[in-house]
Every structure is written in C-alpha cells, then in structure tokens.
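Working notes for the structure below.
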Amino acid sequence: MRKIILVFIFLGSLFDVTAQSFVGFLTENYSGVNSVIVNPANIVDSRFKADVNLVGVSSFGGNDYYNFNVMKAINDDDYDFDTASRYSPKTNNSGAFNFDVMGPSFMFNINQNNAIAVYTRARSFANVNGINGRDLYAIEEDLSDDFTATENGFNTFGQAWAEIGLSYARVLVNEKENFLKGGISLKYLKGGGSAFVAGSNITVDYDEDGTMLPGGNTTGSVSSTGEVVYGRFDDFDRDNYDYELPKNATGFGVDIGIIYEWRPNHGDYKPRKVWPDRLNYKDQNKYKLKLGVSITDIGSVNYKNGLEDVFDITNTNVSEEAIRNEDNLYDILNNLYTLTNSAVGYKAILPTALHLNADWRFTNHFYLNLNADVSLVSKNKFHSSAITNMLSITPRFESKWFSFYTPLSLVQYAGFQVGAGLRIGPLYLGSGSLFTNLMSNKSKGGNFYLGFKVPILQKGIDKGSNCNCY
C-alpha cells in the first residue's frame, strides 16, 4: 500500500532521473570558464589568457522531511534507513535535487577589454513542493493499515536538458579606483524530457478490507476527492517505451551579469610606458573589494508535443487491485477517474535565479567571500524548476596553481552545512557539505563536484633583461 501512496498521492518518487553547482569553486578567481555559468562578466580581465574545461560533474540535493547518518549508511551494510533515520514532518515539506555536467568548454581574452567563451552543459532538476509530511509520517507510523490523507496543494516537477552557450564580456569602466565589467550568455537549449504532477484539495481514504473479491477474499479500497494535473513529454507513458530525445523540444536562455571592483591601490598596477608589455599586471588581482550581481537561466524549453491533462479524482471504493492492474500513472488516472481537460504543448521553465557576490581580499592569497543564490521562480508555478536558496560565507586561500576553501552555508531545506574544496592545477573537487555529512547524524542534504581543465594563465611581470621595476 505504501507504493500506492508514494506514486499516486505524494509522487515525489517519479523523478529519479533528475540547487547549486560547484559550491565554493565558482567564487574564486581561478575557476576560469566554469565561472561563466554563475556570472558571464567573470571571463574578462581574468587571470587566464585562455581556459579549457574538459569535464566537470556536480550534484546537489536537499529536503526538509527526511535525514539520516551518512557515514553509518556508507560503512554499515546492515544500516536500517527506516529505524535509524529521523523525520521532520510538516504540512508543506519540500525538497530539490539537481545534477550538472559541464562538458568541453573554453574561454579566452581577445584583448584587455574583451573576452568570449563557448561552453556545453547537461543538467537535470527535480523539485517537490508542498507535500503533507505529517500525513505521510502518520501513515508510516500508524499500526493500523486504514488511513486518511489530505493534500491542500502540492506540485512536483522534473526536467533534463542540454545547452550550448556563447558568452561575451567587456570592461565598461576602468578609472582609477573604479572598475566595472559586464557580460551576457546566450544559450540554445535541447529538452531531454520533463514531467510534472500537481494536486489540489485532495483527500484519500483507504480501507484495507474495503473491497470483496471473487472467492471471498478482500482487498483495499480507495475513496478520494480533489484534482490532479499530470503533464509529460509525448510518448512518455507509452508501453515498452525506450528513451529517446523528445521531438520538438527546444528553447533559448539568457544569463546576464555585472561586476564592480574597488581598487584603492590602483596606482600600484599602472602600466609603465618604458615597459608596457612587461608591466601589464594581467596575472594579478587588483581589487580590495569585488561585488557581483547576475541573473541566470532566463528562458524555457518549449515542449510543443507535450501533454497536459487535468483529472477529477473524485471516486469511491476503487479497489487496490484495480489500481495495481494499471500500467502507469496516466492509466490509473484516465481509467479510474474523470478527465476534465486536456492540452497539447507546455513550456518547461528554467531555474531562473539571482546571484549576489562580495569578495574581500585581505592579502594576495587570503580572501573572504559572501555569496547568496536566490530563486526567482515561485515554488507554486507549474512545470518550473527552481534552485535551492543558499547563503554562504567562504574563507579561502588562493594562488595560481592551488586554492583551498571552506564554505559555510545556510541551505534551504537542508539547514547549516560546512564543506571544503580545492583546486590543484588542472583538478578541482569539493563538497559544500563534506564536514556536515561526516560529523552529523541527521544530514538532510549534500553536494559534491569533481572536474578537470587545462588552464593557460596570464604571464606575470617579466623579470628579465635589466628591468629595474621593483
């Protein structure tokens, strides 16, 4: 019976193929082309003459209903999730998960004031919002098999897509203490699939022995009221379906951003006429304080052949056996309940987000970063992905070939997390929840990333041939 509840009512388990990426790494000055995905202005006046990302993988997830001891679960083959886990049931529990692969990408500085980048990326998101965790928990804990569940309003959505981005950034102002640069990314999107389920004013009564079967046996019966909206890309529910890229599922996206740098010691980096090529200081960070703001993922994927159906699930004494005999969710809804409206085509909204960043430079190698990622998509909006809101403070040590940082974050759904990350030459890896997952016995989320790149750094000051520059 629990399977029926999870699939038919709470529905979060539908998206087993689907928050923030590369936590900590994208805020340092040597993240190169990767940093274009959070603010396209990053690529100009960077510490790279050129940068090539080979591959980078990042996953991120969290929820506010279920938690467990990560280390015990990994080390103990007999770990019992049901008895050892803890729950935080509310009337509106939520969760989110994303998986992000940044493929072959490159950037280079055309000259001192202009830079471009081209990047490839594959992403998937799943969001579950407004689940009545109290009823779910009561059903799990109740010794009786009969139950009543209510859902005033929930929605779940999962989507996957690939994107190819072209970015351009330019220095806008370079006057003494004040330095300003801006950038834009245009993205072509190819949908990889999407599905969503939303419900309102739902009640479900289950009677374990409510239906009499031939031969005198009994099975459960379900009586319900409410409305369910079910959308998916074409052919998703077809019998013996083998995955293929959906037809007529494309779109466009835009990222925009600006960065301001306060350079009180600008005189120390002034080019010398005698050695204009040697003293360009392109390899050095010149700011004391850097402030950035960007909006990413403006856009959508248009599933022109997508299907969206609305069902009235008001019915009484539907047998559990009848539900089990149906092949999929659509067949359950279509054959046992009333179809009230159908539509062809819908747009899958990207996880549009606002990013605010402040970076304070204490010395040439020690920095303190404050970063906020805020979703601009309402969690109540149908067929829309949303990032997990997060506020992070990250102290870091940074140099050309090595960086180490420890993000301390407040993460929506998952709470306070402490992580670590590092970059060693072409390798970057880390986790924004490393120490939390190692030490906490009630982890609600986590993230991890790993990648490789080919950095081509700006040359430093030429110390050769009689240059008395120091």
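Coordinate-derived values only; no laboratory data. Just so we're clear, the structure is a prediction, and the values are computed from it rather than from any experiment. Note that we place each Cβ from the backbone using ideal geometry, even for glycine, and neighbour counts take in every protein chain shown.
Key figures
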item	result
Efficiency of FRET from Cβ geometry, Asn341 and Thr225, R₀ 25 Å, rounded to 0.05	0.90
Residue-span extension gain [Ile424 to Leu54] - 0.36 nm each, minus C-alpha spacing	131.7 nm
Principal axes of the stretch 2-457: Cα extent on each, largest first, Å	101, 47, 32
Computed lengthening from Asp78 to Leu166, 0.36 nm per intervening residue step minus Cα-Cα distance	26.8 nm
Label-to-label distance, nm, for residues given as Leu291 and Leu354 (7 Å Cα→Cβ offset)	1.4 nm
FRET efficiency, Leu245 to Asn92 (Cβ-Cβ, R0 41 Å, nearest 0.05)	0.75
Electrostatic dipole magnitude of the stretch 2-457 [Cβ: Lys, Arg +1; Asp, Glu -1; Cα centre; debye, to 20]	3960 debye
Exposure proxy order (Cβ contacts within 10 Å, fewest to most) of Leu354, Leu26	Leu354, Leu26
Stretchable slack from Asn265 to Asp146, in nm (0.36 nm times residue separation minus alpha-carbon distance)	35.6 nm
Proximal charge balance of Val33 [Cβ under 10 Å; K/R count +1, D/E count -1]	0
Set of lysines near Lys304 by C-alpha distance (under 16 Å), chain-local residues within fewer than 8 positions excluded	Lys190, Lys247, Lys347
Gap separating the Cα centres of the stretch 130-198 and the stretch 429-459, nearest whole Å	20 Å
Charge sum, other residues only, whose C-beta stays under 15 Å from Asn341's C-beta, Lys/Arg counted +1 and Asp/Glu -1	-4
Ranked list, fewest to most other Cβ atoms within 10 Å of each Cβ, for Val57, Val222, Val301	Val57, Val222, Val301
5 angstrom amide H check on Asp64, placed H, neighbours 5+ away	Ser94
Highest to lowest packing among 27-37, 149-159, 436-446, scored as the average C-beta count within 10 Å	27-37, 149-159, 436-446
Rounded to whole Hz, the Karplus (6.51, -1.76, 1.60) HN-Hα couplings of the stretch 418-431, x for glycine and proline	10, x, 7, x, 8, 10, 10, x, x, 9, 9, 7, x, 8
Ranked by how many other beta carbons lie within 10 Å on average, peptides 175-182, 190-197, 361-368 from highest	190-197, 175-182, 361-368
Under 5 Å, built H, 5+ apart or other chain: amide partners of Ala115	Ile110, Ala169
Pairwise FRET efficiency - Asn114 versus Leu450, Cβ, R0 = 41 Å, nearest 0.05	0.85
Separation of alpha-carbon centers, the stretch 316-369 and the stretch 380-402, rounded to whole Å	20 Å
Asn328-Asn380 pseudo-label distance in nm [points 7 Å out on the Cα-to-Cβ vector]	3.1 nm
For the stretch 338-392, the spread of Cα positions along each principal axis, largest first, Å	66, 16, 12
